[in-house]
Amino acid sequence: DVKVTQSSRYLVKRTGEKVFLECVQDMDHENMFWYRQDPGLGLRLIYFSYDVKMKEKGDIPEGYSVSREKKERFSLILESASTNQTSMYLCASSPEGLAGGNEQFFGPGTRLTVL
Amino acid sequence: GESVGLHLPTLSVQEGDNSIINCAYSNSASDYFIWYKQESGKGPQFIIDIRSNMDKRQGQRVTVLLNKTVKHLSLQIAATQPGDSAVYFCAENRGAAGNKLTFGGGTRVLVKP
């Protein structure tokens with residue numbers, strides 16, 4: 001089975017802190033994604049990566065950065081956490097596979113609270 | 001603007017009845033659609049997908065229908081069970097590189113015993 005793991009299920013940070021969210025997948029997938037999920041807004045894409053050291057902005061990249069030094073690991077960084085970044089963060093991965101889209105496999109999520 | 005959206009935020013269903021969850025999309029270039037189920041405290045899980053060269057696809061107790069003429073997608077769940085209670089998301093791939101998906105806002109399905 002594909003497994004996507006996230007470093008923390010729950011995280012509480014203070015405003016201004018630097019926050020690292022880690023995601024690891026074990027299926028050698030090329031693509032990895034970071035989303036945030038807020039009530040009524042669904043999943044919104046923050047950043048994605050289609051190869052090691054490659055990254056692309058998603059729909060809401062402001063206030064975030066990412067790092068992909070190894071194929072299996074994709075990190076989301078909040079340089080200076082703010083209260084409006086309190087949210088559920090979901091990581092996903094997918095193979096490159098067929099043109100036109102493929103299933104993304106999700107981790108369990110990290111619920112981040114910024115005080 | 002272009003979006004993927006759902007008509008009903010909450011759907012209450014009697015156990016044993018069929019459920020229908022609807023989704024509208026506006027990008028005619030979208031060529032892949034997928035439904036996810038998210039239970040409380042978990043990440044989204046794949047249910048079923050469909051490509052734009054198909055109108056219908058069936059899985060175990062689930063059917064996805066795609067109407068490209070009116071840009072409408074639906075998920076039908078047969079004989080709804082308590083374990084089907086969850087939030088359901090539709091998503092589309094607009095042919096973008098890197099398998100990028102755009103998600104709708106989600107519909108909560110509540111199964112009444």
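The values are calculated or read from the model by the stated rules, or taken from the named source; none is laboratory data. From a predicted model like this one, the values you see are computed outputs, not experimental measurements. For neighbour counting, all protein chains shown are included, and Cβ atoms are generated from backbone atoms with ideal geometry for every residue, glycine included. Keep in mind that these areas ignore ligands, DNA and RNA; they rest on the heavy atoms of the full protein, side chains included. Shrake-Rupley method; radii C 1.70, N 1.55, O 1.52, S 1.80 Å.
Name the single residue that is farthest from the other protein chains (Cβ to nearest Cβ) among those in the range B:27-49 being open to solvent by 50 Å² or more (accessible area, probe 1.4 Å) and assigned to a loop (DSSP other than H, G, I, E, B).
B:Ser28
Among the numbered criteria (1) among the hydrophobic types (A, V, I, L, M, F, W, C); (2) away from chain A (no Cβ under 14 Å); (3) assigned to a strand (DSSP E or B), which one does B:Val70 miss?
Looking at each condition in turn, B:Val70 falls short on (3).
So, in the range A:70-115, of the ones that are open to solvent by 40 Å² or more (accessible area, probe 1.4 Å) and of a type in the set (Val, Ile, Thr), which residue ends up farthest from the chain's Cα centre (by Cα)?
Once the filter is applied, the top-ranked residue is A:Thr83.
When you look at B:Ser52, is it under 16 Å from A:Arg36 (Cα atoms), open to solvent by 10 Å² or more (accessible area, probe 1.4 Å) and modelled with pLDDT under 95, yes or no?
So B:Ser52 fails the test.
Being under 15 Å from A:Tyr35 (Cβ atoms) and either in contact with a helix residue (DSSP H, G or I) (Cβ under 7 Å, 6 or more places away or on another chain) or assigned to a loop (DSSP other than H, G, I, E, B) (or both) is the filter here, so list the residues in the range A:69-85 that pass it.
Scanning the range A:69-85 gives a single hit, A:Leu78.
When you go through A:Leu90, A:Leu41, A:Leu45, A:Leu76 one by one, which is the residue that is touching an Asp or Glu at 6+ places or on another chain (Cβ under 9 Å) and within 11 Å of another protein chain (Cβ to nearest Cβ)?
A:Leu45
Looking only at the range B:1-26, which residues are at pLDDT below 95, touching a strand residue (DSSP E or B) at 6+ places or on another chain (Cβ under 7 Å) and either assigned to a loop (DSSP other than H, G, I, E, B) or at positive phi (or both)?
B:His7, B:Leu8, B:Pro9
Tell me, yes or no, whether the range A:22-40 has at least one residue that is open to solvent by 10 Å² or more (accessible area, probe 1.4 Å) and free of Cβ contacts under 8 Å to residues at least 24 places away in the same chain.
yes
Based on what the data block shows, is A:Ser67 open to solvent by 10 Å² or more (accessible area, probe 1.4 Å), more than 8 Å from chain B (Cβ to nearest Cβ), out of contact with any Asp or Glu (no Cβ under 9 Å at 6 or more places or on another chain) and among the small types (Gly, Ala, Ser)?
Against the criterion (open to solvent by 10 Å² or more (accessible area, probe 1.4 Å), more than 8 Å from chain B (Cβ to nearest Cβ), out of contact with any Asp or Glu (no Cβ under 9 Å at 6 or more places or on another chain) and among the small types (Gly, Ala, Ser)), A:Ser67 qualifies.
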